[in-house]
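What follows is a single structure, written as structure tokens, with notes after it.
The values are calculated or read from the model by the stated rules, or taken from the named source; none is laboratory data. Predicted model, so just to flag it, every value in this text is computed and none were measured. Cβ placement follows ideal geometry from the backbone for every residue including glycine, while neighbour counts extend to all protein chains displayed. What goes into the accessible areas is simple: the full protein's heavy atoms, side chains included, and nothing from ligands, DNA or RNA. Shrake-Rupley method; radii C 1.70, N 1.55, O 1.52, S 1.80 Å.
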Amino acid sequence: MSVFLFVVVPYVCLTVFVAGHLWRCRYDKFGWTTRSSQLYENRLLRIGSPLFHFGMLGVVGGHVIGLLVPQSWTDAVGITEHMYHVAAVGGGLAAGVMTVVGMVILIYRRRTTGPVFSATTVMDKVMYAFLAIVIVLGMWNTIAGSIMTIGGEYNYREGVSVWYRSFLAFQPDAALMANAPLGFQLHALVAFGLFALWPFTRLVHVFSAPVGYLTRPYIVYRSRDDQLGSHSPRRGWDRVG
Amino acid sequence: MRVMAQMAMVMNLDKCIGCHTCSVTCKQAWTNRSGTEYIWFNNVETRPGLGYPRTYEDQEKWQGGWELNKRGRMKLKAGGRFRKLMTIFSNPKLPSIGEYYEPWTYDYATLTDAPAQEHSPVARPKSLISGKNMKIEWSANWDDDLGGSTANTHRDPMLKKIADKVKFEFEQTFMFYLPRICEHCLNPSCAASCPSGAIYKREEDGIVLVDQDACRGWRMCVSGCPYKKIYFNHRTGKAEKCTFCFPRIEVGLPTVCSETCVGRLRYIGLMLYDADKVLAAASTTDEHGLYEAQRDVFLDPFDPEVIREAEKAGIARDWIDAAQRSPIYALINTFKVALPLHPEYRTMPMVWYIPPLSPVVEVVAETGEDAEDKGNLFAAIDALRIPIEYLAELFTAGDVVPVDAVLKKLAAMRSYMRDINMGREPDASIPAAVGMTEEEMYDMYRLLAIAKYEERYVIPPAHAEQAHSLEELATECAVSEYGGGQNDLFGEGSGAPTPIAVENFQMLQDRQTSDSLAGPDGKKGRVNLLNWDGKGSPSGIFPPKGDDS
């Protein structure tokens, strides 16, 4: 069972995640957008959206550090377990609270503002449900698991993180995850569910984060030949000249 | 020198009667889709007035366009790249739908479905945004024809700038119409604001377009454009803008707004410009110098060196010819009667305007004086500061000198041509008073008053050797393997619709303008092969025998 849950399911989700993005990028560039609703409502968005997104950037950064940096490395540079714990919980809590508050504002806005709600698709609602559950479970793990230590102390850097790196290295060790607390197990599973949904939702906009804007020239020139109006050249037609 | 070609437009505001035909035909052609209800690529504003979206010209509020920083270098008014990325999650300067208007329809069905009742049923307005009943409070042209009334005009950002000198009294009212499309700027701040790099300027003709596949809906372009001519399609989540009807331009046809303009006030043509000089010109310190600086960027298409450089830059010979015949070049650089709209935004706009003389003429006419007399008009131009200063706020960043000069040229043309039309001896001193020769004045009159279609629209078609890349050209396989085209495989319904294209456009035009009905031999020579049973040879199918002697 644990092999199915912590090896098969994650790999299936990862496959869907990667293949789905490739498919979406190939066939639905036109649909690849943030689908902003700022035009409809700005007052709540102005507070909620930056809170949520900046909080989320912190959360993602925290996960990268927590999951990808082995404990031996931080030990080697002399960061003690306690120091790490304080920093991780402190940072995680701050980012988490921002994310949750932002998310509550945004969901409230989406539900109560008529135009925004009517522009919400079924896929959006499913995605919101997964996203909210992942975030709430993550906060539960931080608050209940790491601060109040309900159900005993658990160092995820010796369990979940190692499993995650083994998963990325294609040498998965399901036992590590099977021994983790239920909160961590559920968090990881729902997160993988979200990854599987990802390419089919508006979340794809994460991968169009416009970092290139910092370095590109302000004005973009393009030749007419680069872009064939609204459709690409048919197979078998070569351009002349 | 780096020569580039730019498709440009000039509008003669004296001729605009505010009929909105351009707006309506443009909307029918481009934005009659869900999500684009409030999008007007072309709109006509009554000035003085608020514009669309309301008070868009108030750049202290909307932060569109460019400004100079302390070191005199160009920066986006709304902040640089880093600032843009930091505010990407909630654009602080995006007009809400309320600044445009909430689009609506009516529940027409109740008019026919309603049960018998005492009072006749009413079609109530329904919002196209929320679907609910709504109260109509504003629309794209709510203040149409209300120029100079006190209800709204005090909020006109341009009038505010001169308001301390002016008590806007009823006797001083004036009004004119300002049709607006995208300016297709040489230094577009929308493109510079786009985090995704989806907005680009075409190298060949300078048309600014949004790549719908690359746009990610960050909305920074909407804020970045000081003319607010980029709109956010709230259904697709992508930015859309005026395309200068590029599929038509590519085959040598004018834009829809120009083609359908009943006043024939629009001119389209090429301008050659030096791309290397754009940045320096846009960075001119004195705002009053921006108009002249932009004129300096344009190149003289008759100059042999310019022609040589243009050919080196890959601009085809017929395009250079078109640039020489360009009515835009004549109006901007030869006659110097066209002015840019809001040069102070430093975007180097390429849709220019001939300011209206009518506010002046009307005042003179109302006094009972001769409104075509040079002396009266010149005196009125000098005396009527309010309309002149207002026009200067629109077209020359507040500098009245160029506006004065243009209006005097138009006034001079009016009185000079009056003499000719009345059969009197033309007075050479009138053109001389505005620094023109009689011949130049007559040429200007010809271009402004009676120019034919081919003179108003000098549009070289894109080159046929690039045919496959032209949007409207039907040279591709009719039955698309990607599911394009229509469902029928055979017969008339098969394939994609045949649009106007480089080849058949000329053919169709020849057919429309030829003297005979069709073909070289007139009606009698036509053969209907559908009725031919294959026997014998119907007359007309082969050339007559023995004629070759």
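So how far, in whole Å, is the C-alpha centre of segment A:1-50 from the one of segment B:313-338?
When both Cα centres are located, 50 Å separates them.
State in Å² the accessible area per residue of the protein assembly as shown; use a 1.4 Å probe, count heavy atoms of protein chains only, and round to the nearest integer. Can you show the working numbers first?
Numbers: 37300 Å² over 790 residues.
Accessible area per residue: 47 Å².
Hey, any idea what % of chain A's accessible area is carbon plus sulfur with a 1.4 Å probe?
Working: 9050 of 12750 Å².
Carbon and sulfur together cover 71 percent of it.
May I ask for the accessible area buried between chains A and B, both sides summed, probe 1.4 Å, to the nearest 100 Å²? It would help to have the intermediate numbers written out before the result.
Values: alone 15540 and 27170 Å², together 37300 Å².
Approximately 5400 Å², summed over both chains.
In the full protein assembly as shown, how much of B:TRP138 is accessible to a 1.4 Å probe, in Å² to the nearest 10?
Estimated to the nearest 10 Å², B:TRP138 gives 40 Å².
Taking the Cα-to-Cβ direction at A:PHE117 and at A:ILE65 and moving 7 Å from each Cα, how far apart do the two end points lie in nm?
Simple spin-label model gives 4.0 nm for this pair.
Given a Förster distance of 35 angstrom, what is the FRET efficiency for B:ALA405 paired with B:GLU60, based on the Cβ-Cβ distance and rounded to 0.05?
Details: r = 29 Å, r/R0 = 0.84.
Rounded to the nearest 0.05, the efficiency is 0.75.
Between segment B:187-209 and segment A:138-159, how far is it from one alpha carbon centroid to the other, in angstrom?
The distance from the Cα centre of segment B:187-209 to that of segment A:138-159 comes to 51 Å.
Scan around B:CYS182 for amide H atoms under 5 Å from its own, H built in the peptide plane at 1.01 Å from N, and keep only partners 5 or more places away or cross-chain.
The answer is B:CYS242.
Give me a comma-separated list of calculated 3J(HN,Hα) values for segment A:11-27, in order, Karplus coefficients 6.51, -1.76, 1.60 applied at θ = phi - 60°, integers in Hz, x for any Gly or Pro.
Per residue, the Karplus-derived 3J(HN,Hα) values read 5, 4, 4, 4, 4, 4, 4, 6, 5, x, 5, 4, 4, 5, 5, 6, 10 Hz.
Compute the FRET efficiency between B:LYS535 and B:ASP276 as 1/(1 + (r/R0)^6), taking r as their Cβ-Cβ distance and R0 = 60 Å, and round to the nearest 0.05.
Details: r = 71 Å, r/R0 = 1.19.
That gives a FRET efficiency of 0.25.
Consider just the alpha-carbon atoms of segment A:2-214 and return their Rg together with their Dmax, both in angstrom.
Gyration radius and largest Cα-Cα distance of segment A:2-214: 18.3, 55 Å.
From the square roots a ≥ b ≥ c of the eigenvalues of the alpha-carbon gyration tensor of segment A:1-86, which class results: rounded (a/c under 1.5), prolate (a/b over b/c), or oblate?
On the way: a/c = 2.78, a/b = 1.29, b/c = 2.16.
Oblate is the answer for segment A:1-86, as a/c is 1.5 or above yet b/c matches or exceeds a/b.
Can you give the direction-averaged projected area of the convex hull of the alpha-carbon atoms in the protein assembly as shown, in nm²?
52.4 nm²
Roughly how many whole Å is it from the C-alpha centroid of segment B:392-438 to that of segment B:259-298?
Cα centroid of segment B:392-438 versus Cα centroid of segment B:259-298: 22 Å apart.
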